[in-house]
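Below is one structure, written out as structure tokens; the observations come after it.
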Amino acid sequence: MRADRLLGDGPRVSEKASSQGESRIHEKARALLRAYATHTVTIEPLFFLQRAHLTAPATMWKYVEGAVKSGADLVMLDLEDSIPEGDEAALAKGRDNVVRALKELDWGRSARFFRPRGVALDPAFEDVRRVVGAAGDRLHGLIWPKAEGAGEIALLDEAIAEAEREAGIEEGMIKVGVLIESARAEEEAFWIAGASRRVRSLIFGAFDYFSSLGMVGAKYRFDHPLVDAARMRITKAAASVGVPAIGEMTVNFPTKGKSEAERAAAIAECRRDAEHAKMLGFRGKWVGIPAQIEVAHEVFGLPEEEIGRAIREVRAFQEALREGRGAVMIDGKMADRATDRHNRVVLAAARAAGKMDESTAAELGVG
């Protein structure tokens, strides 16, 4: 039965009116697609590679220097947990060290970040204003602690934009990683991820998160079901806007004061935590000591064989498209657009890591 018969005995829709209706629907569909596209971040090569986030107390210059020289993918100088609340002298010293490090030190390929105190301790965003005003042109971004909702991230975006304008630097240049550290933030994670175009990662603060659950008589363990549930939501929220999720720190450090067996056990624990996070979709790990960086780089790295496989499969799929086919069999398995999208994530990360030459990237259309 024709569709216009379903309208009963009323007047039939003319071909002209139908065409106009289709045009309106077409435009609405285009508007929807544009809205979807604006929700996803076009991530820069620097932020594809976030295997190891190293944090260091901003008040201790020797630790600042060591962190900057560590080779971590991202180095964060901390003004939050490392400074006692109300200690204005320590805060001033920490801010000065962040600015000095940005201006004087060679950070190599590490992303240059710091962590301000957060809205509860600094509702005027003074840390943001001071650091951006003094060295914003050298700063890649900041890690925002204890976020509770999207409105807070929108306000942070506004505060950074104001500081950028006052400093005379390009608006939008400074990016943000957001720490998810409470049950409320877990629930809001999708909204937090989409609250600002500056967001480049969601980071799990597992210990603060576990405390926020208010459980009595239950000890934290890395694979607690509630902790894993939070990890999965954070991973999906980060993926919804196209940024990586970063796993929590392993606080058992392989320090010099420990025996060789204790240091080996600490490294093994860090590796276990990293592999568990990777299995749940995380792309990197927060680390607190340079000895943990190698573990994070290894676990979250890209093996050469995986890169080679992705290149072969992208080429095979491109050939299938040229032949008018939407899918192809590769090594006995079907590959299609979904497979190609996954392979292109791998290749974008490989390019960011310097593991794919530019001619191959151009050939395959890897931006």
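The values are calculated or read from the model by the stated rules, or taken from the named source; none is laboratory data. Owing to the predicted nature of the structure, the values given are computational and were not obtained by experimental measurement. All Cβ positions, glycine included, derive from the backbone under ideal geometry; neighbour counts span all protein chains shown.
Some observations on this one:
- Lone unmet requirement of (1) without any contact (Cβ under 8 Å) to a residue 12 or more places away in the chain; (2) assigned to a loop (DSSP other than H, G, I, E, B); (3) not β-branched (Val, Ile, Thr) for MET356: (1)
- Odd one out for ALA92 among (1) aliphatic (A, V, I, L, M); (2) at pLDDT below 95; (3) in a helix (DSSP H, G or I): (2)
- Qualifying residue in segment 259-281 (condition: touching a Phe, Trp or Tyr at 6+ places or on another chain (Cβ under 8 Å) and within 21 Å of VAL68 (Cβ to Cβ)): no
- The residues listed here are GLY136, GLY108; of these, the one that is within 23 Å of ILE43 (Cα to Cα), in a loop (DSSP other than H, G, I, E, B) and in contact with a helix residue (DSSP H, G or I) (Cβ under 9 Å, 6 or more places away or on another chain) is GLY108.
- Scanning segment 152-208 for residues that are within 24 Å of MET249 (Cβ to Cβ), touching a strand residue (DSSP E or B) at 6+ places or on another chain (Cβ under 9 Å) and hydrophobic (A, V, I, L, M, F, W, C) yields a total of 16.
- Test result for ALA310, of a type in the set (A, V, I, L, M), in contact with a His (Cβ under 9 Å, 6 or more places away or on another chain) and either farther than 28 Å from LEU179 by Cα or not in a helix (DSSP H, G or I) (or both): yes
- The set of residues from segment 144-189 being surrounded by 15 or more Cβ atoms within 10 Å (Cβ to Cβ), closer than 17 Å to LEU46 by Cα and out of contact with any Ser or Thr (no Cβ under 8 Å at 6 or more places or on another chain) comprises MET173, ILE174, LYS175.
- VAL366 part of a loop (DSSP other than H, G, I, E, B) and under 22 Å from the mean Cα position of the chain (by Cα): yes
- Cβ-Cβ under 7 Å pairs, at least 6 apart or on other chains, segment 72-84 side under 9 Å from THR59 (Cβ atoms), far side assigned to a strand (DSSP E or B) and among the small types (Gly, Ala, Ser): ASP78/ALA56
- Residues located in segment 65-120, provided they are among the aromatic types (Phe, Trp, Tyr) and farther than 14 Å from VAL131 by Cα: TRP107
- Residues that are closer than 17 Å to ILE203 by Cβ and within 20 Å of the chain's Cα centre (by Cα) occur at least once in segment 33-41.
- If the condition is being modelled with pLDDT under 85, surrounded by 18 or more Cβ atoms within 10 Å (Cβ to Cβ) and over 13 Å from GLU306 (Cα atoms), then segment 327-352 contributes VAL328, ALA335, ALA352.
- Test: residue in segment 110-118 that is free of Cβ contacts under 8 Å to residues at least 12 places away in the same chain and at negative phi: no
- Members of segment 77-97 that are crowded, with 24+ Cβ neighbours inside 10 Å and touching a Ser or Thr at 6+ places or on another chain (Cβ under 7 Å): ASP78, GLY94
- Scanning segment 292-326 for residues being aliphatic (A, V, I, L, M) and surrounded by fewer than 15 Cβ atoms within 10 Å (Cβ to Cβ) gives a total of 1.
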